[in-house]
Amino acid sequence: MLGNRKSGFGSGGSTTLIAHETVIVGDIHFSGSLDVEGVIRGSIVAEAGADALVRVVEKGRVEGEIRAPSVMINGTVKGDVYSSAKLELAPKGRVQGNVHYTLLEMAAGSEVNGSLTHNVDGQEAPAKAETLADTGQGRKPRVVAAPIAKVD
């Protein structure tokens, strides 16, 4: 888990640290590693095609969505999480939102208050799904049900 062993997470490039007394209001676009010990009020988005990693440590908090290949959460996330490679929820990890993952590791004590959706072939959900209303056709968008993963 987070901080107690080497994990299979990798990230090329540098590490950006959001320190514990820091509050950032706005979206963050990054590559490499992003360690969140403070608060981010906005979305976190990894650069397309980057081998990026987001770590939200025990006292860290994100109020917005996270989109990155690798995500480790031991703090609190209030928003949806999209992980195209590996998502790790450590014992104190809390997610209030929907989780979209390819590979998921959940420790005893972690929580997800939302749905779990398995991504096939590591495909992330698009940033914004286009609806028929967006195309100007004026019809209601079609709803497609996704499979629900059972986590024991």
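Structure notes:
- Any hit, the range 37-49, residues being modelled with pLDDT of 95 or more, touching a Ser or Thr at 6+ places or on another chain (Cβ under 8 Å) and among the aliphatic types (A, V, I, L, M): yes
- Filter result for TYR101 (among the aromatic types (Phe, Trp, Tyr) and within 8 Å of the chain's Cα centre (by Cα)): no
- Enumeration of residues in the range 55-73 that are assigned to a strand (DSSP E or B), among the hydrophobic types (A, V, I, L, M, F, W, C) and either free of Cβ contacts under 8 Å to residues at least 12 places away in the same chain or over 22 Å from VAL120 (Cβ atoms) (or both): VAL56, VAL62, MET72, ILE73
- Hits in the range 71-108 - residues which are small (Gly, Ala, Ser) and surrounded by fewer than 22 Cβ atoms within 10 Å (Cβ to Cβ): GLY79, ALA85, GLY97, ALA107, ALA108
- ALA48 free of Cβ contacts under 8 Å to residues at least 12 places away in the same chain and either of a type outside the set (S, T, N, Q) or surrounded by 19 or more Cβ atoms within 10 Å (Cβ to Cβ) (or both): yes
- Subset of the range 36-54 (residues that are in a strand (DSSP E or B) and closer than 15 Å to VAL23 by Cβ): VAL36, VAL39, ILE40, ARG41, ILE44
- Take the conditions (1) under 19 Å from MET106 (Cβ atoms); (2) over 12 Å from the mean Cα position of the chain (by Cα); (3) hydroxyl-bearing (Ser, Thr, Tyr); SER83 misses just one of them, which is (2).
- Residue within the range 92-107 that is assigned to a loop (DSSP other than H, G, I, E, B) and under 23 Å from SER14 (Cβ atoms) present: no
- Candidates in the range 22-38 are the residues that are of a type in the set (Val, Ile, Thr) and more than 16 Å from VAL71 (Cα to Cα); of these, the one that is surrounded by the most Cβ atoms within 10 Å (Cβ to Cβ) is ILE24.
- In a residue-by-residue description of the range 1-17, the property of being in a strand (DSSP E or B), crowded, with 18+ Cβ neighbours inside 10 Å, modelled with pLDDT of 95 or more and in contact with a strand residue (DSSP E or B) (Cβ under 9 Å, 6 or more places away or on another chain) applies to no position.
- Test: GLU65 is among the acidic types (Asp, Glu) and more than 14 Å from SER31 (Cβ to Cβ): yes
The values are calculated or read from the model by the stated rules, or taken from the named source; none is laboratory data. In this text the structure is predicted, and so the values were computed from the model without any measurement. Here the Cβ is made from the backbone with ideal geometry for all residues, glycine too, and neighbour counts use every protein chain on show.
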